[in-house]
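Engineer: Mind having a look at this structure? Questions to follow.
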Amino acid sequence: MRNILVVANWKMNPRTLKEAKEIARASDDKRVVVCPPFIFLEEVKRTVKKGKVGAQNCFWERGGKKSSFTGEVSPGMLKDIGCKYVIVGHSERRTVLKEEAKVIKMKVKAVLAEKMTPILCVGEKKEKESAPEEIKKQLKEALQGVPLKNVIIAYEPVFAIGTGKACPVDLAEKRKLFIKSFLAKIRKKGEDIPVLYGGSVDGKNASSYVKAGFDGLLVGGASTKPGEFERILKKV
Ligand code: PGA
């Protein structure tokens, strides 16, 4: 049986620690990686017993004596509190925070250097013919020359994120095959690198992406709605 991974990307939610603990308790499942905002990480780590915990971002420097990076959190700090995964290159960070390709690559490397797993998000902005080229560019920019022992890719077409309009399953499947074949070219057994689907996943559509061969899901909005998230878990 395949190992299915469901990444819960809470984004900048919820507002209070009390709610964070409630959502974490309801999400606790061995297939789940809960990715809360930094401020809730430690408490969520204490709450989640069966699942794992990840961060939504990190800085690219590992820290040390000269760590003058106001407001940043290093991969080492995340590892120290028990994080196993870090989401890197989410489209909201690429667009809103203006994160560039070279920053994303540095973050991937920094996460790997701490022996955690980067979950690299890639995806086209619009549904169009040149989309595979856009995806290939993002993969190349982030991964070329990086020792890829431990990485997960999340295919997240931007038009499907937070819109309630998930990517048609046949299109997502095509993109997944494209990503796997690219990975096979840049790394031995690259096709074994897990590829997740993300973008308006809910209880109704979750199973169709897993049936189409995705190794799991990256869930945003629905991951902070316990009832909906449980439905997703039941379906995969
Ligand atoms: P969404 O977000 O499920 O709300 O569309 C997906 C994501 O965080 O990438």
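Engineer: Checking the a/c ratio against 1.5 first, then a/b against b/c, what shape does the Cα gyration tensor give for the chain?
Structural biologist: oblate
Engineer: Moving to a separate point now. My understanding is that a pair violates if its Cα-Cα distance is over 27 Å; which of LYS18/LYS98; LYS115/LYS180; LYS137/LYS225 do that in this structure? Walk me through the intermediate numbers first.
Structural biologist: Numbers: LYS18/LYS98 32 Å; LYS115/LYS180 23 Å; LYS137/LYS225 34 Å.
LYS18/LYS98; LYS137/LYS225, as the Cα separations exceed 27 Å there.
Engineer: Under the rule of -39500 (n - 2.57) per DSSP H run of 4 or more residues, summed and divided by the residues of the chain, what mean residue ellipticity at 222 nm is obtained, to the nearest 500 deg cm²/dmol?
Structural biologist: Details: 9 runs with 89 residues, N = 236.
That calculation yields -11000 deg cm²/dmol at 222 nm.
Engineer: Over the stretch 1-59, what percent of the accessible surface lies on carbon and sulfur atoms, probe 1.4 Å?
Structural biologist: Accessible surface attributable to carbon and sulfur in the stretch 1-59 totals 53 percent.
Engineer: Okay, next question. For the stretch 5-235, report the accessible area per residue in Å² (1.4 Å probe, heavy atoms, rounded to an integer).
Structural biologist: 50 Å²
Engineer: Out of VAL169, VAL88, VAL53, any idea which swings most in a Gaussian network model of the chain, alpha carbons joined below 10 Å?
Structural biologist: With Cα springs under 10 Å in the chain, the top fluctuation among VAL169, VAL88, VAL53 is at VAL169.
Engineer: Given R₀ = 45 Å, FRET efficiency for GLU230-LYS102 by Cβ-Cβ distance, to 0.05?
Structural biologist: 0.70
Engineer: Here is a further query. Name the aspartates and glutamates eligible as straight-distance cross-link partners of LYS52: C-alpha to C-alpha under 20 Å, and not fewer than 8 places from it in the same chain.
Structural biologist: LYS52 reaches GLU19, GLU22, ASP28, ASP29, GLU42, GLU43, ASP80, GLU114, ASP215, GLU228, GLU230.
Engineer: Contact order normalised by length for the stretch 5-235, with contacts defined as Cα pairs under 8 Å and 6 or more residues apart; what percent is it?
Structural biologist: 19 percent
Engineer: Still on this structure, please answer the following. Test of understanding: what is the full-extension gain from GLU22 to ILE39, defined as 0.36 nm times their sequence separation minus their Cα-Cα distance?
Structural biologist: Details: separation 17, 0.36 × 17 = 6.12 nm, distance 1.53 nm.
Length gained between GLU22 and ILE39: 4.6 nm.
Engineer: Of LYS45/LYS149; LYS30/LYS176; LYS107/LYS235, which ones are farther than 28 Å apart at the Cα?
Structural biologist: LYS107/LYS235
Engineer: Now a separate question. In the Gaussian network model of the chain, springs joining C-alpha atoms below 10 Å, which of GLY164, GLY64, GLY203 carries the largest mean-square fluctuation?
Structural biologist: GLY64
Engineer: I would also like to ask the following. At a probe radius of 1.4 Å, what is the per-residue accessible area of ILE4, in Å² to the nearest 10?
Structural biologist: ILE4 exposes around 30 Å² with every protein chain in place.
Engineer: Take SER67 and LYS149, extend 7 Å from each Cα along the Cα→Cβ direction, and tell me the distance between the two endpoints in nm.
Structural biologist: My value for the distance between the label points is 2.2 nm.
Engineer: Within the stretch 79-125, which trypsin sites (Lys or Arg not before Pro) sit in a loop by DSSP and count at most 11 neighbouring Cβ atoms inside 10 Å?
Structural biologist: Passing sites in the stretch 79-125 are LYS98, LYS115.
Engineer: With +1 assigned to the C-beta of every Lys and Arg and -1 to the C-beta of every Asp and Glu, and no other charges, what is the dipole magnitude of the chain about the Cα centre in debye, to the nearest 20? List each step's numbers first, then the result.
Structural biologist: Details: 48 positive and 28 negative charges, 116 e Å.
That gives a dipole near 560 debye.
The values are calculated or read from the model by the stated rules, or taken from the named source; none is laboratory data. Please read all numbers here as calculations on a predicted model, not as lab measurements. Here the Cβ is made from the backbone with ideal geometry for all residues, glycine too, and neighbour counts use every protein chain on show. Calculation scope for accessible area: heavy atoms of the full protein, side chains included, ligands and nucleic acids excluded. Shrake-Rupley method; radii C 1.70, N 1.55, O 1.52, S 1.80 Å.
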